[in-house]
Every structure is written in structure tokens, then in C-alpha cells.
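Take a look at the structure below.
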Amino acid sequence: MAMPKFYLTTPIYYVNDVPHIGHAYTTILADVIKRYKQLRGFQVMFLTGTDEHGQKIERSASKQGLGPKQLADSMVKRFKELWQTLNIDYDQFIRTTDEEHVRGVQKIFAKVREKGDIYLGEYAGHYCISCENFIPDSAEETTDGKRTCPDCGRATANRVKEKCYFFRLSAYGGKLLKFYEENPDFVTPRSRMNEVVSFVKMGLRDLSVTRSTVKWGVPVPGDPQQTIYVWFDALANYITAIDYLNESERFASLWPADLHIMAKDILKYHAVYWPAFLLAAGLPLPKKELIHGWWLKDEKKMSKSSGNVLDPHILLKHFSADAIRYFLMREASIGADGNFSHEGFINRVNTDLTNDWANLVSRTTGMIEKYFANSFRDTARYTVKEDEIRDRYVELEKAVLDNFDQYQFNRGLESIFEYVNSLNRYIVEVQPWNLAKEKENEPRLAAVLKTLARAILSVNTLLSPILPDTAAKVRGIFNAPDPGLGWKDLPETSAIQPGMQLFPRVDGKVFFAEGDAFPAKEGAAPPATTPLPQGIGAGDEGLIEIQDFKKVQMVVARVLAAEKVEKADKLLQLKIDTGSDTRTLVAGIALFYKPEDLVGRKIIIVKNLKPAKLRGILSQGMILAASDAGNRPYIPILPDDTPVGAILK
RNA sequence: GGCGGCGUAGCUCAGUCGGUAGAGCAGACGGCUCAUAUCCGUUAUGUCGGGGGUUCAAUUCCCUCCGCCGCUACCA
């Protein structure tokens, strides 16, 4: 019988960023799943790779005096090196600059266009280079005639009016909803599935899928002025990697993918856009998408700006790949954000891996060495205790496979370590060192040690997807090459090769003394406590420093004009004079204030609030108003002689 | 504002299809010596977020409030 296939993917990583712990987590998760599926008898195809197109890459490359491909090459090298260090056994590494990928993207694009679901349209408005996104023209302008991107707050490029191709996403809402309904487990965990459904239920708008301003990318077939937009390009990797171009036997046997793995921030692209693209191209949809959370650093989101991004290389200076893999799989449950702290990391690894697991192996082999000179004969004086060890292993295996099948590695590992602890308890109960004192107890001693060896080897298999290096070492120690599941047997006479340290203890003091836990502050002493959120100290009831207050620029402004926002009951659009400029803001006060109540009045606004788009209108600032329990606003109106632009402090 | 989730021991979390709760870590005490100062045992603390309701009985069901998180919006 042929082995069933299992095609699994990570996202392709954007080469604008060096590999960090988030990339590592997704990829380790995929690798663990691969190894687990192999254990269950699947023929696995594991795909990862890099996303290399887009204006951002073009720009950061030229900043460094490189071509975009050169930049990508150097980043690819770093990703591949890290994957090797972390023992990632991927089968294929795709790059969006690969020839087969480029041609494959063009093929699916052309196919959908022929079908009529990609059409040529026109876009007029602004463009945010950073987000590579169009900014609606309704956005009010900044001082120099540009717009502020509502997503990132950066100024846009100059106004553009360009042709581009649109994907008829609006036509797929119903089909997607039907698919979700028939496949409620398409997105795991369920809460993410619900988010997707509600997003689609609110209605989908057609999606622009090309850019004429971007040159570094896949050209539209027959229209080389246009470049296929990054997401259409990137998502297609899952099919181009397996020869969608020729729709060969390989493609037929692997597609649809069994599992796409990703972090929660790119859920929408994978669970809405990607299935829609595939439906349009007449291809089957992937079977499942597994969404994981983010790793927070000391409760805070990691970001380049806060300088707390965790570099896996620093951990690798002190810890083995297996230790890192174990921690990530043990500490986070799929779906929830995990919290990374160095204290927690050291603690978990030392406790579980060094004290419990490695020490169990070490004391068992130590006794075999000491009492039997490394080789003992099974003289079979077993008791009910040994039967229990075996029976409980059988139960454990069943439970763990159940957890792992649902990708709940944290749960499975928890049960495994309960069992490991019970083996340590067993040793204390039977006291082998006392048995060793009487020659007549030797058969009994042999039975105990052999049972331990069998239990260790059996558990070792369950751990092997997470700890591949260690698992191989343990098999080597007991001369037991078989990596399969089930209660392991050993030959009647077995020899071991002791003396191997599986997990050296890492001393927290040494680790912190080297400053590696805090790469952002090279050489600085670690803070005694967890850093507090900026500006707010614990126990001082949310008091702020005067510097914090000064961050908020409040000024007196005069209302020049006011009107109701169309199709919005609660919104008024105001044109105001802030003393230094004229700007638009939108306020949710229409139920209580009429436009004519406000025109000419002096009010207080927050001037430096990040602009936001409300009902398509960019609101640059905020009116200060009191608000009662029913959220009724009360706007302070200043005396008529208050100077416009006066600062409140 | 809407939808969803969460709030349980100092920390991380499990659990109860309703009968006043648990595991690991950290702490305290004790035991063993095969083992990487490891292992094993005993052990403290919880108004199970607040309030109300249903019930003989609620931490578990219902309502409401507070706080946090996610998605989203006519919050800004």
C-alpha cells in the first residue's frame, strides 16, 4: 500500500527582515508536524521559502547599494543557515524569483483573466509605498498636498492615476461562505474561522492585483507595464512550487495542500483571498489552515521599533536547537499568543529536559554501567509494577497521538512529562541500589533496568518530532535503531553506550551575565524586574510623568465649516483652523450637535493624533469633549476672544 | 458600538455536562544516593474578576457590571 501524502507549507518569508523568533516558530512548528506525520506513516512534502518582490525590497536594496536580487540572495542565505541550525528538514525552498514561480504566477493570472475575473480598471488616488497600498482619494491632504496613510501614518507618494487590474473578489463572497459552512474546520482554531466568516459576511470589494509603480515583481502577461501585486504573487507559491506550470503528475499528486501554517496577521490573505483565487482558477482548495499566535517578549509585542525582537542566534549560543524547539512547542498553545521570557525559557529547559528527561536517561544508563558493566541479560523477574509501566505507556501513547493529531503539542508534551516523572518515581520505589547489594537479586535488578530502558525508548519516539537530535542520541545509547511507535522491545542481552550528556544545564547567572538576554542594551545589567510599560509604573495608579502629558498637543481651533457625513447618523465633518493650518476632522457628535451650532466656535482639539479614516474621510485630530454615561458628548466652547492656535497646558 | 474570547494559588495554566477546586514552577520541611547539586515525599495560600438570578446546591447555567485580548465599525 502506498503511503498517503501530506503536503504542508509555511508562509514564504519577506526578505526585508532578518529571520527572527517568529519565523523560527512557524517553521519549527511545520518541521515538528512533518516529523510527526512521518511517524504516522505519511509521505510528507514540506515547503518553505522566501517572498522577494515588491517596492520595499527594491528600495532597501538600493539603500544598501545592492540590486534587489542580490539583497534577496543574502537574506536567503541567512534563512537557510538558520533552518539548518534549527534542524528544519524542509523538502523544498521556493523563492518568488524562481523562473518556474514567475511563469506559474503568470499562468494562473492569465487563466483567471481569461475567465473574466481579472479585469482592467483604473485607480486614481494616492499610494503608500510602505504598505504598497492605494489610499482612497477621499483622504484629506496633509500640509504638502500628500496624504497620510491610515494604516502606517506615513506620508503617501504624490497623487497617482493609473490603470491596474482588479480581481473580482466581490463575486466570491457566497461561494466562500458556502465553503466555510461545509468545512468548519478549514481554519483552526475555530475562533479564527469565525473572524474570517464575519469578515466575508460584511461584503467583499474587488481587489487590485497589479501595480504599475512597482517594477520589481512578476510582469502581467501581455502587459509588461503592470506588475502583479505581492499577495497574488506570494500566495501562488504554494502551487507554483509543485509544478502548477506544467500541471504535471507531481502537481496532481500533491495539490490540494493538506496544511498551510501561518501566524494570525496573515490570516485574511490565506483564508479569504487565496481560496477565492483558487476558485477563480478552478483549483481545489487547501484542506486546512493552522493559525498560531505571536510570541510576546515579556508580555509586549516584539517589534523593531521597541528593539525587543528576539534573535534565535543568541539563544543558539547557549542552547541546543532541541531545547529551543521544545520550549516553543511546550509553552504556547496553538492560537494563543505565547510569552517569551528568558527566565521562563531557562527554567523550562532545565527542569523538563535536564532534570527530568536527561537525568532519567543518565541514572538508568549509569546503573546499567555500574551494576552490569554496560551489558545485561534479561532474566525476567518481573512484577506487577513493570506491567503497570508498560500499560501506562500504552495509554499515554494513545493520548499523546490524539493531542498531536490536533496539533496540541503543548498538551501532549505535558502528558509525556507526567509519565517521565512516574518513571523517576518508579526508580525510587524499587531502589535498584539496594537490589544491587545482594547477588541473588540480580535477575530482579535486570528486569527493572530493562523495563526502564524500554520505557525510555518508547517515550523517546513520542519526543522525536520535537527533539530529533536528542532522540537519535538516545537510540544510539541503547543501540536501538528502530524509531517506530509502540512499546519498545530490546534483545535478550543488550549493551549500552553510556556517558553522553543530553542536555547540559544552563546557568541562568552565566547567561544573564553575558548580557545575551538583552541584546538591545549590549553589556547592560539585566533589570531586576520585568520592564514596565512605558510611562506607567505599577502601584502608582496610572500616574503619568509631565513628559507624557506633553506628548499630547492640544490647541484652540476655530470651526470654519461643518456638515453631516453622508450615510452616517453620528458623524460630523468639520473644517477647522488650528492657527497653523486648516484641516478636516470627523467627530461622532451628530446626534447631539447640529452643524450650525458649531460654525465659528472656538473648540479644543488634539492636534498630533495619528490621522484615521472614518467613513472614507481622513480625520486629522480629535475634538475634546466630555462624555456622560450614555456617551452623550459635551463640547467645551471657549470664549470668543480665545486666540486660535493657543496651546493648552 | 457590534461580534468572539478571556479573567481560577506568588507565576504559567488545567478543570468542573452544577455538589465550595487541581498540575507544574517558585517557597518551606523531610527522605534517598543510581544520576547533570539531579530524584522522591510532605506542605501554605485561593471570597475560582464584582454583583444579582435560577437551584436543595454555582467556580461551573442565566443576567449584569468591571478589566484585558482579538476581529470589526458611522470611536478618534
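Taking (1) modelled with pLDDT under 95; (2) closer than 21 Å to A:Thr27 by Cα in turn, A:Arg95 satisfies each apart from (1). You will find that of A:Gly217, A:Gly173, A:Gly203, A:Gly222, the residue that is more than 16 Å from RNA strand B (Cβ to nearest atom) and in contact with a Gly (Cβ under 7 Å, 6 or more places away or on another chain) is A:Gly217 and no other. Applying the condition of being at pLDDT 80 or above and charged (D, E, K, R) to region A:282-297 and asking which residue is nearest to A:His260 (Cα to Cα) yields A:Glu289.
Looking only at region A:298-332, residues that are modelled with pLDDT under 70, within 15 Å of RNA strand B (Cβ to nearest atom) and part of a loop (DSSP other than H, G, I, E, B) come to 5 in all.
Can you find a residue that is among the acidic types (Asp, Glu), part of a helix (DSSP H, G or I) and touching a Ser or Thr at 6+ places or on another chain (Cβ under 8 Å) anywhere in region A:68-79? No, region A:68-79 has no match at all. Checking the structure you have, find out if any residue of region A:336-359 is more than 8 Å from RNA strand B (Cβ to nearest atom), small (Gly, Ala, Ser), at pLDDT 90 or above and in a helix (DSSP H, G or I). Checked region A:336-359: no residue is more than 8 Å from RNA strand B (Cβ to nearest atom), small (Gly, Ala, Ser), at pLDDT 90 or above and in a helix (DSSP H, G or I).
Residues of region A:472-486 that are more than 16 Å from RNA strand B (Cβ to nearest atom), under 15 Å from A:Asp378 (Cβ atoms) and hydrophobic (A, V, I, L, M, F, W, C): A:Ala480 alone.
Table: residues versus (1) touching a strand residue (DSSP E or B) at 6+ places or on another chain (Cβ under 7 Å); (2) more than 19 Å from A:Lys488 (Cβ to Cβ); (3) β-branched (Val, Ile, Thr); (4) surrounded by fewer than 15 Cβ atoms within 10 Å (Cβ to Cβ).
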residue	(1), (2), (3), (4)
A:Arg381	no, yes, no, yes
A:Leu401	no, no, no, no
A:Lys439	no, yes, no, yes
A:Leu445	no, yes, no, no
A:Val448	no, no, yes, no
A:Ala455	no, no, no, no
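In this entry, A:Gln84 passes the filter for residues that are assigned to a helix (DSSP H, G or I) and within 21 Å of the chain's Cα centre (by Cα).
When residues in region A:532-587 are screened for being among the polar types (S, T, N, Q), at pLDDT below 80 and within 13 Å of RNA strand B (Cβ to nearest atom), 1 of them pass.
Taking region A:18-53 as the range and being in contact (Cβ under 8 Å) with a residue 60 or more places away in the chain and farther than 18 Å from A:Arg325 by Cβ as the test, the residues that pass are A:Val18, A:Arg40, A:Met45, A:Leu47, A:Gly49, A:Asp51, A:His53.
Within region A:619-643, track down each residue that is within 11 Å of RNA strand B (Cβ to nearest atom), modelled with pLDDT under 75 and not aliphatic (A, V, I, L, M). Residues satisfying the conditions are A:Ser627, A:Gly630, A:Asn631, A:Pro633.
Number of residues in region A:360-401 that are touching a residue at least 60 places away in the same chain (Cβ under 8 Å), more than 12 Å from RNA strand B (Cβ to nearest atom) and small (Gly, Ala, Ser): the value is 2. Within region A:60-94, the set of residues being within 22 Å of A:Pro219 (Cβ to Cβ) and without any contact (Cβ under 8 Å) to a residue 60 or more places away in the chain comprises A:Ser60, A:Ala61, A:Ser62, A:Leu66, A:Gly67, A:Lys69, A:Gln70, A:Leu71, A:Ala72, A:Asp73.
The values are calculated or read from the model by the stated rules, or taken from the named source; none is laboratory data. All values derive from a computational prediction rather than experimental measurement. Quick reminder, even Gly has a Cβ in these numbers, built from the backbone with ideal geometry, and neighbours come from all protein chains shown.
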